[in-house]
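The values are calculated or read from the model by the stated rules, or taken from the named source; none is laboratory data. All values reported here derive from a predicted model rather than from experimental measurement. Every residue, glycine among them, receives a Cβ derived from its backbone with ideal geometry; neighbour counts consider all protein chains shown.
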Amino acid sequence: MRGSQLVIRPFVEGQDETIWVSIANEYLGHFLGPDYVPRDQEAMEWLEKSPWYDPEGMFVAELDGKPIGVITAYVDERAGRWHGILSIELRLRYVGSEHERQMLLFGLESLRRRGVSYARTWVRDNMVERIRLLEAEGFRRVRIFSVMRMRLSELRRGIGECKRVQLRPMRLERDLGLLTFLLNEAFKGQFGFRPTTVEENRAWLSEPGKEIHVILAYWSRTPIGYIVLEISEKLVKAGRKVGEISSLGVLRPYRRLGVGTALVLEGLEWLRERGMEEAMLEVDEDNPTGAIRLYEKVGFKVAHRVFVYERPARS
């Protein structure tokens, strides 16, 4: 695809990883700020071996022969072709330019050619130029996620956590099937859900550069929930003592009993014991479980918002 000397070509494995990392770090590092975990060669190698690797949907945009952007038009074969995920990162000097628009349209066309009905993309609330472009090209906002934070020095107990629930650390290989079951049951029917697999969760929990800790919850001998905590080694080395709640789930019959509160408090205590000073998470504001109210009760406050936009892949 050409326009104003812009050429968009397929990603070449073994050649373009360094370019991909450099552009992603420049773009996301600017908009996500100190929370962004920089990508590196190891992260690219992990991605290329992961269940989510989709090289058919990866492209590099070049201007006069120099790479200025990367496009991911991801098609999840297990989820069917109703939605495709579109991601565009580019050198900051080209943000808001006609070249960004051409990359967006190319990504849409790539998804359409692969039989996808709708394109979905995420943007942080400070990506003003991208939001303006999406809305000009017919995307509509369909969901809002809150990025929340709290200081771990403010962690307190006695706020309604369940005393009956029993908590224990997950054993990776032995409990991987159990975690997969709990995750799928807890999130069934929620926005963007599709069943995850044991292989996907194994890859997720083995992502390089992260210390990941999972806690399982039991009601007597019945497993009923879990929480996943992450610490980025890169952020810690950069002086950012922040951990993340990356996933929390409680089975429907055991909600509103304080189980989620107990899991969150136990997880935050683990982060604090590991030397973290702050915790963060991302939550769907319209989550039917009322998760955002749980986090507010614990002490989290909204710091940013992430908007989900959609439009038909076909114009």
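Determine which single condition Met150 fails, assuming it passes every other condition in (1) within 23 Å of the chain's Cα centre (by Cα); (2) in a loop (DSSP other than H, G, I, E, B).
(2)
This table checks each residue for (1) without any contact (Cβ under 8 Å) to a residue 24 or more places away in the chain; (2) touching a His at 6+ places or on another chain (Cβ under 6 Å); (3) surrounded by fewer than 18 Cβ atoms within 10 Å (Cβ to Cβ); (4) not assigned by TED's automatic domain parsing to the domain that holds Leu108.
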{"site": "Val128", "(1), (2), (3), (4)": "yes, no, yes, no"}
{"site": "Leu133", "(1), (2), (3), (4)": "no, no, no, no"}
{"site": "Ser153", "(1), (2), (3), (4)": "no, no, yes, yes"}
{"site": "Glu161", "(1), (2), (3), (4)": "no, no, no, yes"}
{"site": "Gln166", "(1), (2), (3), (4)": "no, no, yes, yes"}
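Specify the residue that is surrounded by the fewest Cβ atoms within 10 Å (Cβ to Cβ); the eligible residues are those in the range 42-84 that are free of Cβ contacts under 8 Å to residues at least 24 places away in the same chain and among the aromatic types (Phe, Trp, Tyr).
Applying the filter and picking the extreme gives Tyr53.
Name the residue that is surrounded by the fewest Cβ atoms within 10 Å (Cβ to Cβ), counting only residues in the range 213-252 that are closer than 30 Å to Asp40 by Cα and touching a Phe, Trp or Tyr at 6+ places or on another chain (Cβ under 7 Å).
Step by step, filter the range 213-252, then rank; the result is His213.
What pairs can you find where one residue is in the range 276-296 and at negative phi, the other is in a helix (DSSP H, G or I) and of a type in the set (Phe, Trp, Tyr), and their Cβ atoms are less than 7 Å apart, with a gap of 6+ or different chains?
Short answer, once both residue conditions are applied: Leu281/Tyr295; Val283/Tyr295.
Answer with yes or no whether Arg314 is in a strand (DSSP E or B) and charged (D, E, K, R).
no
When the residues of the range 290-309 are narrowed to those that are crowded, with 18+ Cβ neighbours inside 10 Å and either acidic (Asp, Glu) or over 19 Å from the mean Cα position of the chain (by Cα) (or both), which ends up nearest to Leu257 (Cα to Cα)?
Across the range 290-309, the extreme among qualifying residues is Leu294.
Can you tell me which of Ala61, Ala43 is farther than 30 Å from Glu244 by Cβ and touching a Pro at 6+ places or on another chain (Cβ under 8 Å)? Spell out the reasoning first.
On the way: Ala43 fails: farther than 30 Å from Glu244 by Cβ.
Criteria check complete, one pass: Ala61.
Tell me which residues, restricted to the range 77-112, are among the charged types (D, E, K, R) and touching a Phe, Trp or Tyr at 6+ places or on another chain (Cβ under 8 Å).
Glu89, Arg91, Glu100
I'd like the full set of residues that are part of a helix (DSSP H, G or I) and farther than 25 Å from Arg255 by Cβ, limited to the range 155-182. Walk me through how you get there before you give the answer.
Quick first cut of the range 155-182, residues part of a helix (DSSP H, G or I) only: 172-182.
Of everything in the range 155-182, those that are part of a helix (DSSP H, G or I) and farther than 25 Å from Arg255 by Cβ turn out to be Leu172, Glu173, Arg174.
When you check Glu173 against the structure, is it surrounded by fewer than 17 Cβ atoms within 10 Å (Cβ to Cβ) and assigned by TED's automatic domain parsing to the domain that holds Tyr27, yes or no?
no
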